[in-house]
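Worksheet: one structure, shown below.
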Amino acid sequence: MPEGAPGRMAMLIWLVIGLLVAAWAWSSGMPAEILSYWDDITYLTVQHVELVAWAGGLAVLAGVPFGALLARPAFRKVSELILQVFNLGSTIPTLAILALSMTVLGIGTVPAVFGLWAATLLPIVRNTFTGLRAVPPYLLEAARGMGMTPWQVFWRVELPNALFVIFGGIRTALAICVGSAPLAFLIGAGGLGELIFTGIALDELPMMLAGAIPTALLAVATDFIVGRLQYYLVPRGINPLR
């Protein structure tokens with residue numbers, strides 16, 4: 001089979017499936033029923049984006065420095081132990097994290113942001129740590145041989161070479177955050193989960209899809225935007241995509 005044929009076949013299958021779904025939706029009048037919730041969709045999408053922006057932004061601000069700290073030689077003996085603690089936290093379901101947050105912080109936006117932040121943190125910390133530890137030793141030796149200070153070695157050699165892996169962790173983390181954010185509705189923080197869970201409770205398929213489809217589109221859009229940032233911000237020469 002020629003190279004690239006499996007990819008084209010998969011794309012063709014997805015295209016056929018998409019056309020069949022679109023034809024079924026059009027014949028059933030589903031799009032019109034979904035669009036009847038347009039005002040709710042726009043209002044709750046803004047809430048959803050705000051939750052993701054706060055939780056994801058705080059996770060990046062905390063996860064990258066913490067991962068960099070664990071990658072320092074001074075923490076080499078305890079870094080894996082600390083990362084196992086983060087791994088243990090990732091095994092707890094997001095809904096359980098939100099419930100625990102609610103017991104301490106009450107209901108509303110604050111416990112939702114905290115719970116999403118905790119669920120989002122691990123990929124960023126892990127990828128930052130792994131990316132920095134994977135920098136080739138000969139680059140570090142060359143930098144030290146040129147007289148660079150440890151701080152200069154970090155900013156000019158380690159961090160640029162680890163940036164692609166760090167962005168990979170951020171992409172994964174934000175995808176998790178967008179997909180988990182509907183659960184925030186259960187503790188009174190709003191978001192698109194309001195349409196999804198209410199639609200399930202009332203057995204209203206159009207209402208459920210009015211929340212589920214924008215959530216999926218937000219996840220795809222977020223991954224695309226961070227992927228473009230990864231492409232353009234990681235310097236040429238150390239970016240395998242350029």
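Looking at (1) surrounded by 19 or more Cβ atoms within 10 Å (Cβ to Cβ); (2) β-branched (Val, Ile, Thr); (3) touching a residue at least 24 places away in the same chain (Cβ under 8 Å); (4) farther than 27 Å from SER90 by Cβ, which is the only condition VAL157 fails?
Every condition holds for VAL157 apart from (3).
With respect to PRO235, is the statement that it is open to solvent by 60 Å² or more (accessible area, probe 1.4 Å), touching a residue at least 60 places away in the same chain (Cβ under 8 Å) and either in a helix (DSSP H, G or I) or farther than 17 Å from VAL60 by Cβ (or both) true?
Working: open to solvent by 60 Å² or more (accessible area, probe 1.4 Å): no; touching a residue at least 60 places away in the same chain (Cβ under 8 Å): yes; either in a helix (DSSP H, G or I) or farther than 17 Å from VAL60 by Cβ (or both): yes.
Criteria not met by PRO235.
In segment 205-231, which residues are over 21 Å from THR42 (Cβ atoms), without any contact (Cβ under 8 Å) to a residue 40 or more places away in the chain and surrounded by 11 or more Cβ atoms within 10 Å (Cβ to Cβ)?
TYR231
Residue by residue, here is whether (1) out of contact with any Lys or Arg (no Cβ under 6 Å at 6 or more places or on another chain); (2) open to solvent by less than 10 Å² (accessible area, probe 1.4 Å); (3) farther than 22 Å from LEU217 by Cα; (4) touching a residue at least 60 places away in the same chain (Cβ under 8 Å) holds:
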| site | (1), (2), (3), (4) |
| --- | --- |
| PHE114 | yes, no, yes, no |
| PRO136 | yes, no, yes, no |
| GLY147 | yes, no, yes, no |
| VAL153 | yes, yes, yes, no |
| THR172 | yes, no, no, no |
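Residues that are under 28 Å from ILE225 (Cα atoms), at pLDDT below 90, among the small types (Gly, Ala, Ser) and open to solvent by less than 40 Å² (accessible area, probe 1.4 Å): does segment 35-58 have at least one? Show your work before the answer.
Here is the first cut: in segment 35-58, the residues under 28 Å from ILE225 (Cα atoms) are 35, 37-58.
Then keep just the ones that are at pLDDT below 90; that gives 35.
From the residues that got through so far, the ones that are among the small types (Gly, Ala, Ser) too are none.
No, there is no match, as no residue in segment 35-58 is under 28 Å from ILE225 (Cα atoms), at pLDDT below 90, among the small types (Gly, Ala, Ser) and open to solvent by less than 40 Å² (accessible area, probe 1.4 Å).
Can you name the condition, by its number, that VAL49 falls short on among (1) over 20 Å from LEU217 (Cβ atoms); (2) in contact (Cβ under 8 Å) with a residue 60 or more places away in the chain?
Exception for VAL49: condition (1).
When you go through (1) out of contact with any Leu (no Cβ under 6 Å at 6 or more places or on another chain); (2) over 30 Å from VAL220 (Cα atoms); (3) surrounded by 12 or more Cβ atoms within 10 Å (Cβ to Cβ); (4) modelled with pLDDT of 90 or more one by one for ILE124, which number turns out not to apply?
(2)
Return the residues of segment 175-198 that are more than 15 Å from TRP38 (Cβ to Cβ), open to solvent by less than 30 Å² (accessible area, probe 1.4 Å) and either assigned to a helix (DSSP H, G or I) or at pLDDT 90 or above (or both); say none if nothing qualifies. Please lay out each step first, then the result.
Within segment 175-198, the first condition is being more than 15 Å from TRP38 (Cβ to Cβ), and the residues that meet it are 175-191, 193, 196-198.
Restricting the remaining residues to those that are open to solvent by less than 30 Å² (accessible area, probe 1.4 Å) gives 177-178, 180-182, 184, 187, 189-191, 193, 196.
Of everything in segment 175-198, those that are more than 15 Å from TRP38 (Cβ to Cβ), open to solvent by less than 30 Å² (accessible area, probe 1.4 Å) and either assigned to a helix (DSSP H, G or I) or at pLDDT 90 or above (or both) turn out to be CYS177, VAL178, SER180, ALA181, PRO182, ALA184, ILE187, GLY191, GLY193, ILE196.
If you scan segment 64-97, which residues turn out to be within 22 Å of VAL153 (Cβ to Cβ), touching a residue at least 24 places away in the same chain (Cβ under 8 Å) and not hydroxyl-bearing (Ser, Thr, Tyr)?
VAL64, PHE66, GLY67, ALA68, LEU70, ALA71
Filter segment 177-204 for residues that are closer than 26 Å to GLY18 by Cα, free of Cβ contacts under 8 Å to residues at least 12 places away in the same chain and not β-branched (Val, Ile, Thr) and give the result.
ASP203, GLU204
Within segment 70-88, track down each residue that is open to solvent by 80 Å² or more (accessible area, probe 1.4 Å) and closer than 30 Å to PRO137 by Cα. Steps first, please.
If we filter segment 70-88 for residues that are open to solvent by 80 Å² or more (accessible area, probe 1.4 Å), which is where we start, we get 73-74, 76-77, 80-81, 84-85, 88.
Across segment 70-88, the qualifying residues are PRO73, ALA74, ARG76, LYS77, GLU80, LEU81, GLN84, VAL85.
Mind telling me which of the residues THR103, THR91 ends up being open to solvent by 40 Å² or more (accessible area, probe 1.4 Å) and at pLDDT 80 or above? Working first, answer last.
Details: THR91 fails: at pLDDT 80 or above.
Going through THR103, THR91 in turn, the sole match is THR103.
The values are calculated or read from the model by the stated rules, or taken from the named source; none is laboratory data. On a predicted model such as this, the values are computed, not experimentally measured, just so you know. Virtual Cβ from ideal backbone geometry, glycine too; neighbours counted across all protein chains shown. Only protein heavy atoms, including side chains, enter the accessible area calculation; ligands, DNA and RNA are left aside. Shrake-Rupley method; radii C 1.70, N 1.55, O 1.52, S 1.80 Å.
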